[in-house]
Structures are given as structure tokens and as C-alpha cells.
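The structure appears right after this line, and notes come after that.
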Amino acid sequence: MIRFFYTLLGVLLLSSPALRAQSTYYWSDDRKIVLNEDHTTLVIQFHQKQNEALLLQQLETVKQVAKVAYHPVAKRLIVDLHVELPLDKVIATLKLEERAVKSWSYGYQLPDGFKVWLTHQIVLQPKNGVTPQQIQAFLSNKGTKGVLTATEYDYYILEIEDPRNGLVIANQIYENQLTVWCHPDFYAKVTKHEDPLYKDQFQLNNTGQIIDRQRGVNDTDCNAPEAWAITKGNSELIVAVVDDGVEAHEDMVTSTGESRILDGYTPVGNGKGLPLGDGAHGQSCAGIIAASHNNLGVRGIAPEVRILPINIFTEEETISQVANAFNFARTNGAAVISNSWGYSTCEGSFSVLNSAISNAASKGRDGKGCIITFASGNSYNNCVEYPANLSTVIAVGAVTNTGVRSDYSCYGTDLDLVAPSNGAAGVRTIDRMGRNGYAAGNYTGDFGGTSAACPVVSGVAALVVSVKPELTAAEITNILYATASDMGELGRDNEYGFGRVNAFAALEAALGETVTTGYCLSQGEAANDEWIKQVELGSFVHTSSASLYSDFTGKIITVAPGETYALTITPGYAGQAFPDYINVWIDYNKNTTFEANELVLQKGPVGAATSENITIPVGLTGRTRMRVALKYQSAPNACETFEFGEVEDYSVEFGEVVTRCNAPTNLGVDILNDTDATLFWQAIEGAISYEVRVRANGGNWVDFSDVDGTRLALTGFAVGETYEYQVRSYCGNSIFSTYSSSYKFDIADGSNAISYCDAKGNSAEFQWIDLVSINEINNPTGNDGGYADYTRFTATLLAGSTDTLFISKGPNSRYLFYWTVYIDFDQDGTFEANEVVVKGSSESANILFSLIAIPTNALLGKTRMRVLMKYNEAADACGQFPYGEVEDYSVVIKRPSPTLNLANQLNPSVSLVQDVKLTLYPNPTTDFIYLQVPESAAKVMLYDQLGRLVLQFVTDE
């Protein structure tokens, strides 16, 4: 009999300590975002504030620890490790006092490697008509403990007992249609995009002066002096600087000497937005926007405006706390919100932050909307980083004083504008007074990055609002785009967006009788309930969230004249569908007017996706605009502002269709039995179909063409063989991607054909099995009515090894239940006494765990595991009983494989080495490994613990 252990660890889900990283996901704005569990980083939550110095000193003595960061306000510790660490070893290895620790869990990585960590909070926005009480009742029915609290804004925070349950709980809430959005309130690191002085401020007035030994190109600036002849900003206008804080400065005062720095906000600790430590990044950004013209130091673009500082760089901020920066700015009068920061990912998205930004962009300034600017990022990527890639903000890249894109500046289809920054000469701006900050004085001459470019656009936006406060955010954004100084290719391009911001031209346009943006303006006044969710034209697909107007002219749709394409528009709804009307125009004659014969789709009323086949007229060349409008209850005009709905603009290029076709990622396999398996992969935007090739290890490829969708069911696999497959995308017009990397898998010996006796609880009304977790199986469930067949879920076990099984019951009622777990090791269809791997009892509804030993003589292959939970006494393997539940699962027993095999396929003329000396580290590992092999070894093969070949080479290579 195996001794039964239990511990108080939570309610729903716990990662197995076997160090097999798991993939999971969360939802953001209707998009499923994949997460990979990272066993080399931890988040530890304490009950009370710790002595930071003693804690860090203690962790310095732990050899497994690579880096630590303690968050005193949140009472949270982030630990990066040199090696993977099982969860059940964390407390002892880190030498922590268990009673002081509230929880601990692994971190996660997005597909591009960006790290996030779970907290005890989930953030959510209920759908219209769904009450907090309904959500609380849903949680109770699932046996989940949680306290739901309203914030001062339009979302709720759910406090949960164990962060390890956060993803499961959040996904259950969202997938049961209770919320507009719902996800864990992750902690994630925010990144600053950084890298008498007026005569050197080339970003304001570039005369070709030599700065830092670099001669500039005349007029590569934002035309600030010309703009100042019109306005230097309104003294009542507020620009929020979301950064690491701003404090009083000699060059940020009124003509009477009063500070123009307002009391701000620090979401962590509820402070006033002042800098911490030697942080000066926000100070320098504020100087670019608003430094006084007072014969001291430097000059700002809008020297009369006031600055509202918001500090999000205490290093402790969760996503919701960052979101509250925008909620605070919106509700405290900000007209412009400047952001020279971001997350180091192009793939991230968090609904609580997206929603706060969207609300500021649409509801700020008494409904006219805040203008929100973001630095595009400094990571040299050809994609704009999050949140700068949102459609509700202006993404700003950097150009040098010589008139070329700064090489570090992120660019791509989501880039909107550029502004002067460093890359050749440094940017001059204010520093913190005295010794705090970048330099010992009150100014710095080496500021830069897209951090310096973004506030240039913020300052110009402030000037435009100052002269025309009645304009909406969408109208001002259009002015900035339309009046930008074109750079690079003619028109908008991915290197420079719409071009370099031009303050003088923007003010002239704003003061004109009509706003000279070329195309007429059109937008909705409210898009909270319905919006344009997805636009598809041919192979082009673009999904977006709610906004009143979105300028997606950076998205270029290439079509061939004379060809016919399917145009599909999908509306999005916060709750019920509404009778909406959708019109789409393409300005074929490029006269900046949408005419009646250019209306290519007219549908309504609709409450779901609607399509039309359109034929592109022959003889067209160049680039033009497509407008998509969705309006409630009646058909929209091309040029109107309406009450409910949204408008989006795109660019259409006439010419030969050149499609970018990417290879699929996130490959996987569902092994159904000894001969059948289903291959699957992640969908690729623009792909029409896929081609798959499969082969046995070392064999010839077998090709499968024209695969619709992202799954391919195959039969004919052989037991004991190892297989690999690759996938490539087909994007039309004879354009294929390269093949993906190989995904390898093997077919274990065993069969599901064996029949087993029935077992069932007659009533699971009061208690049921709500979690079974072992290795690859992580299955949180509800009341299954006494029995559930989960044999489609399979865990891999190694003969002769020990694994940990986690189980729990729900709901949280104090009834005594007995647990019994069998594994049919001899695969004879009978659960025998010597096949009991867990036996014990508990009243607890928390997660229990037990170590189970796999016999060395267990038959290899697939077999059955049965989990029984019975009230008041242990259950037999077969038969029915009054109260409780039974669940069946599959397990595959495998033989452990040696890590290295050096003796295979050696040259017969070379004598075998009896005592081979080798060095391999670190072990285990996730991404790299060092291997030292003697010259006498002719061939090296490296296997993982499941016996899969991951590397092979001959030594003379």
C-alpha cells in the first residue's frame, strides 16, 4: 500500500513536479494567446512584508538562483533559476519558511519569449445583463472560492486562493460567455524605450548643425519654430506622461515661476507620480513635451501645457495597475497621454489594458477622446511592440538627425508616425535637478530611443488640441497622419509610417475651414456594444477590437485587376447581436471621394458575418483606400458621424498579388490508438490550405496536399515506431511557405481494445472528482454524474520511476471520502489488488497528492488508470456505490532510455572504447546544453527522458 499524503494547495489545478513544461492559454479580446510554462522562473507570494535585505542575502547562497526581484508593496518575489526546479522542492531549495509563504507557482512565456507571472487576482468585465452575483454563483457551482470586487472603473477583480488555478478559472468564466473579457491579472515587466542647449535640439529645428560630431540634414525636424508662431499650447491643457515619474524642475514653470507639474498618480501604493530612486526617464520625456521657453536649458514643443505624471515603474505593477494609469488620466482631464514604454513583445495582449486604452481614446475629453501616443519599441524588430500596435493609439518610431530610420526603431504595418531622436546625435532635454537622474546637472544631452520620439508627437498633438479643442481624437489623428512629411517610399510605408510629424502643417490644417486629410471623416460615437471585429478580402484577414474609428491604412491589401475575391465582414458584439448595417467602399478612381459606383458591399440588417464576391475592375494601378462602416439600424454613408457603430479604413494596392506566406507553428499530435493519430498546428493568417509530409524515422516522406483546416487525421502508424511531420502553408497564386520545423512523436505498444468492468457512483450531487493531474494529464472537471470516460487523455509513465498524482474533490464540503487509484500494469483488463497505486481518505477539498511507483516489470504500452472516490469507505474497482464518482484515464508505460548512446553504428575498423568519459550539463535543460565527448566516439545520439532522439552527430562534423 502506498502511504497517502495531502497538503493544502488550492482548488483546481497544480502543475506536476515532473518538469514536463505544459502549454496553456488565456483569452484577450476574443483571441486565444498561447502560454508555455517556464520551470526556470517562479513567483512567490508572502503573507506579510519581508525583510528585503535578509531575504536577498539568504537567496544569494542558493546555487540554483540566477536572479531575484522583491516587490515589497505586493509582498511578491520573482526568482529566475539556472535550472528547472520541481514545485514541491521550491520552499526547501530556496530556504524559505513555509508558513510565511502564501503561494508559489511557475512563470509563463508567450510564443516570442516574453515572460508573465500569475498573481492572486483575475480581472474581468461582465457582459451587459450579467450581474456579479451570477458570476459568483457560477464559481460556487464549480467549487471555486473567490471574492469578486468592483473597481472604481468598469471592471472587477476576482481574488482567488491559489494563482495556479488562475488560468483555468479565468478561461472557464470567459468560455461560458459571462464576460466581455476575463484573464489573470499577470505581473509583467514594463520596458522603457530609451536609449543653454536649444541650438542642439535638432528634433525641433534641424539646420544641418553638427551635434556629437554628426552633421544633420537640414529641416529633418518637426517644424516647431514655425508652429510656435501660431501657438505654444493652452495653459489649461493637460498632457499625461505615463512613465517613471516627473518632479518639479526649473525649466517646467510658468512665467510667474509656478510649477506646471501636477500631483499625479502611482498605481502601486497610491502615490503622486513622483520619480523613485534615480529614475529620470519620465522627466526627460516631459521636457521634450513641455519645457519652458525661459532662456534656461532647453525648449519643449508645447511650453504652456501642464504635465500629469503617472509612475508605472515601481517594478511591481500588474497589468490592471498599468491599465489604471489610463483610467486615471482619462478621469483627471488629460487631453494627450504620452507613453515612452511598452512590453517587449509583439504578440502580447491583455484585455484589461486594451479596454482602459480604448476607453481613454473614445471617452476622454468629455467624449471627444484622448490622443494616445506610444513608442514603437527599440528592439530592432520588424514588428511594433505591444501596446503600441493597438489600433487605438499612435505608434511612433524614430529617425536620426540625418533623416533615416534609427536602426533600433521597431517598424512594420502598425507603425503610424516617426519623429526625430538619436541614432546619430543625442537628444537634449531636461534631467532631474541635481545629482539624481542621468547626469550631475539639471539637463542631459544623450537622451534617445523611440522614448525621445514619442513625446515629440505628444507635444504636437497638444498644440493641435490647444487651437481646436472641439476636434475628436480621430480627427486630430487624421490631421497628424495627413500632414506628416513623407519619408521613404511615396505614401505610407512600413519604415516611416505616414511620415515625420509636422507641427506647423498640422496646426494649419486644424485651423482651416475643413480638415485637409484628403478623405472625409466618418466615425461612430459609441462602439461598446457593436463594432467591426474582422475584415477579410481574399487571403487578407484582419481582426481588431472596438474603436470609434480605426485608421488601418498601414494594412495594405493587394488585389489583381480582373480577379474576383470574397469580401467578408464580421461584426463583434459585447452581448446580444443587433440589427446592424454594413457598407464597404473602394475608391477605385482615387479621387479621395467614395462614390455610389464604388460601393462594393451593402448588407443589412445583419447580426453575424456577411459576404459578397467582388470583381476588381481591369486597368487599375497604384494604391487607394477602402472604407468599412458598421452602423446600428440604418445604412451608413461614407462621410458621417453616427451614434452607434464603427468605421475602419484600409489601403488597397492594385497589381500582382505578392503574398507573404508564413510556415505554421505550435505543431502537436493527438495519438488515438496504436494505428491512428491526429496531427494539428496553429492557423496562419492568409493561408488557404496546408501541405503536410510525414515519415517514419529515417524513411521517405509521404505527402498530403490541400489539407483544409489545421488538423489531419491519419491511420496506418506502427507500434514502436518514431515519426516526424512538417507542415507548410499555401497562400494562393502558387505561393507556399517553407516547411515548418519537424515535430517528432512515437506510437507506444498497447491497445484500447481491452474491455474493463463498469464502475459508477449513483449520485455525485454533493461531491465529485474535480481534478486529476499527472504528467501530461491536467483535467479539472465538474460533476460528471458519477462516471466519466477520459481515456482520450494520456499520461506517459516510465517503468521503474516514481511520479506524482494530484487529485481533489469539489465542492468544498467537509464529507469524508475515500480515494482509490488503480493502474492495469499487466494489461489484462482487470484491476487487481497489487495494482492499487493510491489508497487513502480525506475530508479536504484542497489538492491532495501521492507518489506512485511504476513497477520495473510493468508491460510497456497503453493501459487504463481508474480513479475512484467513494463516500465513507473505499470503493471496489468494479460496481456501483451510493455517493461519489469514478473517472477513467489512459497511461502509456515506457522503458527509460539512456541519455547517450555511443556504441551504435561505429566504424568496424575502430575498436570499441570500454570506458567512455563524457560531460553533459546543465541537465535537465530547456534551451541549450554543453556536451564534451572524446575523439574516440564516432557518433553521438542524445535522447530525452521519454526516449525521443533530440540530437545526433558524428564527431568529425
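The values are calculated or read from the model by the stated rules, or taken from the named source; none is laboratory data. This is a predicted model, so every value here is computed, not measured. Neighbour counts are summed over all protein chains in view; Cβ atoms, including those assigned to glycine, are modelled from backbone coordinates with ideal geometry.
Residue-by-condition table, conditions (1) among the small types (Gly, Ala, Ser); (2) loosely packed, with under 13 Cβ neighbours inside 10 Å; (3) under 22 Å from Pro86 (Cβ atoms):
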{"site": "Asp29", "(1), (2), (3)": "no, no, no"}
{"site": "Ile33", "(1), (2), (3)": "no, no, no"}
{"site": "Asn36", "(1), (2), (3)": "no, no, yes"}
{"site": "His39", "(1), (2), (3)": "no, no, yes"}
{"site": "Val43", "(1), (2), (3)": "no, no, yes"}
{"site": "Asn51", "(1), (2), (3)": "no, yes, no"}
{"site": "Val68", "(1), (2), (3)": "no, no, yes"}
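Looking at the stretch 280-319 only, could you name the residues that are modelled with pLDDT of 90 or more, crowded, with 24+ Cβ neighbours inside 10 Å and of a type in the set (Ser, Thr, Tyr)?
The one that is modelled with pLDDT of 90 or more, crowded, with 24+ Cβ neighbours inside 10 Å and of a type in the set (Ser, Thr, Tyr): Thr318.
Of the conditions (1) within 22 Å of Gly287 (Cα to Cα); (2) surrounded by fewer than 24 Cβ atoms within 10 Å (Cβ to Cβ); (3) within 24 Å of the chain's Cα centre (by Cα), Asn332 fails just one. Which one is it?
(3)
When you scan the stretch 744-754, do you find a residue that is hydroxyl-bearing (Ser, Thr, Tyr), modelled with pLDDT of 80 or more and surrounded by 12 or more Cβ atoms within 10 Å (Cβ to Cβ), even just one?
Checking the stretch 744-754: not a single residue is hydroxyl-bearing (Ser, Thr, Tyr), modelled with pLDDT of 80 or more and surrounded by 12 or more Cβ atoms within 10 Å (Cβ to Cβ).
Identify, by number, the condition in (1) surrounded by fewer than 16 Cβ atoms within 10 Å (Cβ to Cβ); (2) part of a helix (DSSP H, G or I); (3) of a type outside the set (Phe, Trp, Tyr) that Val90 doesn't meet.
(1)
For the stretch 754-763, indicate whether the set of residues that are touching a Ser or Thr at 6+ places or on another chain (Cβ under 7 Å), in a loop (DSSP other than H, G, I, E, B) and not small (Gly, Ala, Ser) is non-empty.
no
Find the residue count for the stretch 529-551, including only residues that are surrounded by fewer than 22 Cβ atoms within 10 Å (Cβ to Cβ) and among the aromatic types (Phe, Trp, Tyr).
1
Surrounded by fewer than 20 Cβ atoms within 10 Å (Cβ to Cβ) and at negative phi: does that describe Val457?
No.
Return the total of residues in the stretch 253-279 being closer than 17 Å to Ser235 by Cα and surrounded by fewer than 16 Cβ atoms within 10 Å (Cβ to Cβ).
The total comes to 7.
Restricting the first residue to the stretch 97-114 and requiring it to be assigned to a loop (DSSP other than H, G, I, E, B), which pairs with a second residue that is polar (S, T, N, Q) meet a Cβ separation below 6 Å and a spacing of at least six or different chains?
Note: pairs meeting the criteria are Leu110/Thr345; Asp112/Thr345; Phe114/Ser344; Phe114/Thr345.
A quick yes/no check of all residues on (1) surrounded by fewer than 24 Cβ atoms within 10 Å (Cβ to Cβ); (2) of a type outside the set (D, E, K, R); (3) over 20 Å from the mean Cα position of the chain (by Cα):
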residue	(1), (2), (3)
Gly348	yes, yes, no
Ser351	no, yes, no
Gly367	yes, yes, yes
Ala375	no, yes, no
Asn378	no, yes, no
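What about Asp789, is it buried (at least 17 other Cβ atoms within 10 Å of the Cβ) and farther than 20 Å from Ser850 by Cβ?
no
Regarding the stretch 118-125, can at least one residue be identified that is among the β-branched types (Val, Ile, Thr), outside any strand (DSSP E or B) and modelled with pLDDT of 95 or more?
Yes, because at least one residue in the stretch 118-125 is among the β-branched types (Val, Ile, Thr), outside any strand (DSSP E or B) and modelled with pLDDT of 95 or more.
List pairs: first residue in the stretch 132-157 and more than 20 Å from Ile847 (Cβ to Cβ), second residue in a loop (DSSP other than H, G, I, E, B) anywhere in the structure, Cβ distance under 9 angstrom, at least six positions apart or on different chains.
Pairs that qualify, where the first residue is more than 20 Å from Ile847 (Cβ to Cβ) and the partner is in a loop (DSSP other than H, G, I, E, B), are Gln134/Leu178; Ile135/Leu178; Phe138/Thr144; Phe138/Asn176; Phe138/Leu178; Ile157/Thr151; Ile157/Asp185.
Would you pick out the residues in the stretch 721-741 that are in a strand (DSSP E or B), among the charged types (D, E, K, R) and farther than 20 Å from Gly709 by Cβ?
The answer is Glu724, and nothing else.
Given the conditions (1) modelled with pLDDT of 90 or more; (2) in contact with a strand residue (DSSP E or B) (Cβ under 6 Å, 6 or more places away or on another chain); (3) more than 17 Å from Val457 (Cβ to Cβ), and given that Asp263 satisfies all but one, which numbered condition is not satisfied?
That leaves (2) as the condition not met.
Listed residues Glu724, Glu685, Glu646; which is within 30 Å of Arg864 (Cα to Cα) and acidic (Asp, Glu)?
Glu724
With Gly348, Gly377, Gly367 as the choices, which residue is modelled with pLDDT under 95 and either in contact with a helix residue (DSSP H, G or I) (Cβ under 8 Å, 6 or more places away or on another chain) or part of a helix (DSSP H, G or I) (or both)?
It is Gly377.
Given the conditions (1) crowded, with 24+ Cβ neighbours inside 10 Å; (2) of a type outside the set (Phe, Trp, Tyr); (3) in a loop (DSSP other than H, G, I, E, B); (4) out of contact with any Asp or Glu (no Cβ under 6 Å at 6 or more places or on another chain), which single one is not true for Ile337?
It fails just one condition, (3).
Being in contact with a Lys or Arg (Cβ under 7 Å, 6 or more places away or on another chain), among the β-branched types (Val, Ile, Thr) and over 20 Å from Ile556 (Cα atoms), is that true of even one residue in the stretch 587-606?
No, the conditions are met nowhere in the stretch 587-606.
Can you tell me which residue is nearest to the chain's Cα centre (by Cα) among those in the stretch 792-820 that are surrounded by fewer than 18 Cβ atoms within 10 Å (Cβ to Cβ) and either at positive phi or of a type in the set (Val, Ile, Thr) (or both)?
Selected residue: Thr802.
So Glu250 ticks every box in (1) surrounded by 24 or more Cβ atoms within 10 Å (Cβ to Cβ); (2) part of a loop (DSSP other than H, G, I, E, B) but one. Which box is left unticked?
(1)
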